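S.K.: Got a structure for you, questions after.
The values are calculated or read from the model by the stated rules, or taken from the named source; none is laboratory data. What you are looking at is a predicted structure, and each value in this text was computed from that prediction instead of being measured. We place every Cβ from the backbone using ideal geometry, glycine too, and count neighbours over all the protein chains shown. All accessible areas refer to the heavy atoms of the entire protein, side chains included, with ligands and DNA or RNA removed. Shrake-Rupley method; radii C 1.70, N 1.55, O 1.52, S 1.80 Å.
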Amino acid sequence: RKVKGGNIDVHPSEKALIVQYEVEATILGELGDPMLGERKECQKIIRLKSLNANTDIASLARKVVEECKLIHPSKLAEVEQLLYYLQNRRDASAAGKEKKEKSSKPKDPPPFEGMEIDEVANINDMDEYIELLYEDIPDKVRGSALILQLARNPDNLEELLINETALGALARVLREDWKQSVELATNIIYVFFCFSSFSQFHGIITHYKIGALCMNIIDHELKRHELWQEELAKKKKADILLMCWGNPENQTLKKDYEKTYKKYQGLVVKQEQLLRVALYLLLNLAEDTRTELKMRNKNIVHMLVKALDRDNFELLILVVSFLKKLSIFMENKNDMVEMDIVEKLVKMVPCDHEDLLNITLRLLLNLSFDTGLRNKMVQVGLLPKLTALLANENYKQVAMCILYHISMDDRFKSMFAYTDCIPQLMKMLFECPDERVDLELISFCINLAANKRNVQLICEGNGLKMLMKRALKFKDPLLMKMIRNISQHDGPTKSLFIDYVGDLAAQISNDEEEEFVIECLGTLANLTLPDLDWELVLKEYKLVPYLKDKLKPGSAEDDLVLEVVIMIGTVSMDDSCAALLAKSGIIPALIELLNAQQEDDEFVCQIIYVFYQMVFHQATRDVIIKETQAPAYLIDLMHDKNAEIRKVCDNTLDIIAEYDEEWAKKIQSEKFRWHNSQWLEMVESRQMDDSEQYLYGDDRIEPYIHEGDILERPDLYYNADGLIAPDGAVSPDFFSDYHLQNGDIVGQHPFSS
């Protein structure tokens, strides 16, 4: 066997050197002649854990060359150069890489008791280690620890993979003896965990059914932990009771409790090592969604949520990471709801462990898409805790996304007023260096601005002035949307907008971005202020031609046209403005738009509202009633299926009827026709139901009316119990169609009984 050294290079992501080498194995014949030869290209990774900014590169290079026989002494200068490169690269990229690692996967489990042994494992001695797996438990633990030592080096995995005897023996021992030794179970699962770190080896783990076995082990260990806790609680309770009674045996019981507690702590440490390795292996296997589904069917979610009661940070990071992965599926999320996961997670926010807090917030973000879980988060007091995290740069983004989801529910919007959330958000808005504010931040602010109490806090001091200044400077449509939400609230905040009417009106032109114009129009349309001279604004900024032009069907996007209609409705409250708009011919344009958008309830409602405002003023009332067909359209829409449209229609028609007798008669006639058509339909349907018994005849029942007007049936105007009124009196109208004959009341019908 010959070994030939090759190239040396740096590891792409770790502090390590990669040495390429070639192994040439030759089988010699009886006379020493080579008979069969094979070459294999290999690589060795030299990890340099001690390498940092202060490392002496020359000394380290000499040490590497001395200890690694694959590197020829002549390559010392090359090794030095590579180490120098690694040292500088590490300095430049450490911060970014560490941050990335934190958010990706938990760290590999560290060495632990039972795994650390004095011997150094050798891949050539595998047969000896396999034989140890057939001995007693201590030997099995030793054998599994030596195999694990080899498996922790990724270079050995392929060689271990082809050793089916070793893998089969490990799987058998795990299946048969895992209850007898925690160390043994941990070692063997760790060996398979090393394979699970690489997707191409997942098949071998599935073949030996290690995943299903791990789930059984985890379930068993969690139940054992519950029993330990119950036993410990009983001993503690007995100890407390004896202390209360002043029993002299108390000292003995106290020592017994302390001894049990110490034993419990030792067992928990070992158990958590086992749980951590087993769960990490399952997390790696869960890359395949089919495998993940099998785990879900075996109750993995319930096991993980139970494990959240532990105190071990490393185990908790793994458990929460696994839950975060599972939480993207609704079925898993529903299982988490059943287990009250939010109550268990809230204790981790905040916590001293940076990685755990980060992954917990990400899990909460996934869960916050569910309305019920958002409600639960508020109930358990997560709102002020998340608000406090906004000040921390590491968690600000995730915390803000969760708070944004909570702010989508109207019932929770007002709760933000009782935290220091709004001042923090305003500070972030004004200090944002970019032209456009971060999407998460501005979306959150838009939601909060929909609540009146929040708006008062936003506008405190120069809040509105600063917002307006930034929005107009950068033409930011989302920031203007927030301002629009602020403008919708009546009270002192609305009157603050008087100073900005001119600035907003100046933005309404074809030159500006359409989204920005929509928000400016919407803000102006909200300003229903009595002190505002809308006529002056319309004339000074030449808005009437712009508004009329946008009303033409197809001239602009529907969103913009709708805002134009709403704006016209607002300015029409002023009589001089209404007259100005009527003269410009906006009413026919609105009727044309009504025809084009008759299927869109929002458009119809807003156009009718404009007519409602117009008929209030003498100047425009005559134009609406006498010069347009608006009343006819209103009559058609009087019985629309939309309640809001019917309401605005009725109010508008009532005003028209009050001022114009001709239209009043038409409106009354239409209302009467509509009302009676419904009533007649009801009566006719009732008659159809009863027709059969009338046709077959009954002396006590009046014959069915085949001919004659239904309105000639006076009995239909009375109560269902009979023709006579409840007080025993007979209506005078009754006698106009009926007369008494031989003491009986007989109806005058075209034919007799």
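S.K.: If you find the alpha carbon centre of the stretch 314-349 and of the stretch 574-604, how far apart are they in angstrom?
M.R.: 55 Å
S.K.: Sort SER495, SER181 from largest to smallest accessible area, using a 1.4 Å probe on the heavy atoms of the protein chains.
M.R.: If we order SER495, SER181 from most to least accessible, we get SER495, SER181.
S.K.: May I ask you to list the lysines whose Cα is less than 23 Å away from that of LYS475, ignoring any residue fewer than eight positions away on the same chain?
M.R.: Filter leaves LYS427, LYS465, LYS494, LYS542, LYS550.
S.K.: Just to verify a number: FRET efficiency for LYS236 and TYR85, C-beta to C-beta distance, R0 = 56 Å, to 0.05? Before the final figure, lay out each step's value.
M.R.: On the way: r = 59 Å, r/R0 = 1.05.
The computed FRET efficiency comes out at 0.45.
S.K.: Moving on. What is the P(r) of the stretch 350-431, as percent of Cα-Cα pairs per 10 Å bin from 0?
M.R.: Going from the shortest bin to the longest, the percentages are 17, 55, 27, 1.
S.K.: Starting from 0 in steps of 5 Å, tell me what percent of the Cα-Cα pairs of the stretch 533-674 lands in each bin.
M.R.: 2, 10, 21, 23, 21, 13, 6, 3, 1, 0
S.K.: Taking the radius of gyration and the Kirkwood hydrodynamic radius from Cα positions alone, what is the Rg/Rh ratio for the stretch 487-541, to two decimal places? If you can, show how the numbers build up before the last one.
M.R.: Values: Rg = 11.2 Å, Rh = 11.7 Å.
Value, to two decimals: 0.96.
S.K.: A further question follows. Largest first and to the nearest Å, give the Cα extent of the stretch 289-499 along each principal axis.
M.R.: 65, 31, 29
S.K.: If you project the alpha carbons of the stretch 2-88 onto their three principal axes, what span does each projection cover, largest first, in Å?
M.R.: For the stretch 2-88, the Cα spread along each principal axis is 57, 24, 17 Å.
S.K.: Between GLU343 and ARG39, what FRET efficiency follows from the Cβ-Cβ distance if R0 is 56 Å, with the result rounded to 0.05?
M.R.: Numbers: r = 62 Å, r/R0 = 1.11.
Rounded to the nearest 0.05, the efficiency is 0.35.
S.K.: For the stretch 144-217, which whole-number percentage of the solvent-accessible area (1.4 Å probe, protein heavy atoms only) is attributable to carbon and sulfur atoms?
M.R.: 48 percent
S.K.: Let me ask something else. Restrict the search to the stretch 611-658; then list the trypsin sites (Lys or Arg not before Pro) that DSSP places in a loop and that have at most 13 other Cβ atoms within 10 Å of their Cβ.
M.R.: Numbers: sites: ARG621, LYS626, LYS641, ARG646, LYS647; in loops: LYS641.
Taking the stretch 611-658 and a limit of 13 other Cβ atoms within 10 Å, the loop trypsin sites (Lys or Arg not before Pro) found are LYS641.
S.K.: Then there is this: Kindly report the accessible area of the stretch 457-550 per residue (heavy atoms of protein chains, probe 1.4 Å, no ligands, DNA or RNA), in Å².
M.R.: Counting only protein heavy atoms, the per-residue value for the stretch 457-550 is 45 Å².
S.K.: Just to verify a number: what accessible area does THR165 come out at with the full protein assembly present, 1.4 Å probe, Å² rounded to tens?
M.R.: Using a 1.4 Å probe on the heavy atoms, I get roughly 90 Å².
S.K.: Just report the Cα centroid separation between the stretch 256-303 and the stretch 406-464, whole Å.
M.R.: 42 Å
S.K.: Another one. Using a Förster distance of 41 angstrom, determine the FRET efficiency expected from the C-beta separation of SER414 and LEU267, and round it to 0.05.
M.R.: The calculated FRET efficiency here is 0.25.
S.K.: At PHE313 and LYS259, where each label point lies 7 Å from the Cα along Cα→Cβ, what is the point-to-point distance in nanometres?
M.R.: Rounded to a tenth, the inter-label distance reads 3.4 nm.
S.K.: While we're on this one: Straight distance only, please: which lysines reach the Cα of LYS548 with their own Cα at less than 17 Å, same-chain residues fewer than 8 apart left out?
M.R.: LYS539, LYS583
S.K.: When the accessible area of the stretch 533-674 is computed with all protein chains present and a 1.4 Å probe, what percentage of it is carbon and sulfur?
M.R.: About 48 percent, which is the carbon plus sulfur part of the accessible surface.
S.K.: I would also like to ask the following. Strictly over 25 Å apart at the Cα level, which of LYS234/LYS298; LYS481/LYS641; LYS376/LYS413; LYS2/LYS44 would you flag in this model?
M.R.: Among LYS234/LYS298; LYS481/LYS641; LYS376/LYS413; LYS2/LYS44, the Cα-Cα distance tops 25 Å for LYS234/LYS298; LYS481/LYS641.
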